[in-house]
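What follows is a set of notes on a single structure, which appears directly below.
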Amino acid sequence: MQVDNSGTGKTEAAPKSLKVNFTWVVFADAFYGMSQWALIALIIHFSSVELAGLYTLALGLAAPFFLFFNLNLRSVQVTDQESEYTFEDYHLFRMVTSTAAFLFVAATALVMNYEASLVWIIAIMGLVKALEAQSDICHGLFQKKENMQYIAFSKLARGTVNVLSFFIVLMMTESLLAALCTMAAANIITLWLVDMKNVQKVHRFRLADMRLSRRKLSMFRHFLLLGFPLGIAGALDVLNINIQRVIIEQVNGLEQLGYYASIVYIIMAGQMFIGALSQACLPRLRTQWSGDIKQYVRLLRNLLVVSALLGAAFVLVVVMAGDVLLSVIYDESFTAYHHIFVLASIAAFFWYSGGFLNIALLATRMFKHQVIIYAVSFAVTAGFSLYFVSAFGITGAGWALILGMIARTMTMTVVLVILYRKKRRSIVPAI
């Protein structure tokens, strides 16, 4: 079914049901999550654990800058129910902030006095993240229109092209830098041939609206004020994991970092899946928060039940067969780190619940609370990591991650309860 696009004579794909959107998201993000850690597995199988550590170190340095400069603009875009700003507005702003993030990544790599080869690896990783950021703002449009199948098409295409191009070039050249360059080229192709092509199906894209103007500068200021707390929260979120990578690399070396980061990347792939389910529910939760608070609570409760069941099942599987899974996914040397996998799965139990609580909080558009939540989580993870990694190695890092995720979940719960009570008081009719 298609609907007319605001009297322009152009038709656009009609919004899909929540069930259909869930189906698309589950399929695509399961595949995309697998493709992400498949990259790590390929490096380990066909190169070395040390090179996997190098890859995760580059990712760990680039990701926080992009999470900050992205300002979680997609959530602002999706919850803009009155369409105060156009897709072109959001896209232009994202291009500006992605450029700034890339420059900061490159500058940081230079300041840290790494070898030239590592500086180039970090810079190209920054380019890959910049291209992902452009796709993300297209996904925000699809999500707002509740046409998640276009996000699924994008992730299926990008995951496939990334893994194949990365694997072929890594095998031919044995160079991580060359493989990353190929991945960047693959992201350019999927951005233009998949994402932007599908944008045309749901929105009348006007390139002329991308020009800078006085109105655009005023809009940029508004986005900065609105998204700044989300940017800080996003950076702190990814630093929760990446600060551990830096500490482990400094204290225990690249090989131990390779083992730890590769194992944790498995639960990060699961978080991508949970995040996708959450994002599919964001427009619905936003509408319910504004109009039907009982439906909002009911949907959130159902999501938390799903999270608890998935998290508990994951912990059980890892406890019973985690060593076998590690040997299949990576190699036999990983079986000695089964206990790390168990600790990571326990952290994932709380992390996944936090994903649904976070999207429920975003639906309230009370963005300033994000900073408090992620600052608490980061402080707990970083503080305990500094002590535990020195004392207990990567086992200590696993315990620190658990404590950080518990702190995040508890803080989110407290904030949501406070906001819910305020909301209930505001809608009780005066006597």
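The values are calculated or read from the model by the stated rules, or taken from the named source; none is laboratory data. Not measured: the values here are computed from a predicted model. Cβ: placed from backbone, ideal geometry, glycine included. Neighbour counts: every protein chain shown. Just so you know, the surface numbers come from the protein's heavy atoms only, side chains and all, with ligands and any DNA or RNA stripped out. Shrake-Rupley method; radii C 1.70, N 1.55, O 1.52, S 1.80 Å.
Structure values in brief
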item: Virtual paramagnetic centre 7 Å along Cα→Cβ of residue 174, amide N under 19 Å, in the range 97-123; result: 117-118
item: Where only C-alpha atoms are counted, convex hull volume of the range 177-305 per residue in Å³; result: 214 Å³
item: Accessible surface, per residue, of the chain when the full set of protein chains is kept, probe 1.4 Å, Å²; result: 43 Å²
item: Residue-averaged [θ]222 nm for the chain, counting only DSSP H segments that reach four residues, each worth -39500 (n - 2.57); result: -29000 deg cm²/dmol
item: Extension reserve of the residue 115-residue 301 stretch, reckoned as 0.36 nm per residue once the Cα distance is removed; result: 62.0 nm
item: Ranked order, 317, 199 - accessible area, probe 1.4 Å, largest first; result: 317, 199
item: Too-long pairs where the Cα-Cα distance tops 18 Å, listed order kept, from 155/197; 145/201; 145/197; 145/368; result: 145/368
item: Alpha carbon Rg of the chain, scaled by the compact-globule rule 2.2 N^0.38 Å; result: 0.97
item: Packing-based ranking, highest mean first, of 397-407, 45-55 given that Cβ atoms within 10 Å are counted; result: 397-407, 45-55
item: Contour minus Cα-Cα distance for residue 324 and residue 222 (0.36 nm per residue); result: 31.6 nm
item: The chain - percent of accessible surface contributed by carbon and sulfur, probe 1.4 Å; result: 68 percent
item: Alpha carbon centroid spacing (whole Å) that separates the range 371-431 from the range 75-127; result: 27 Å
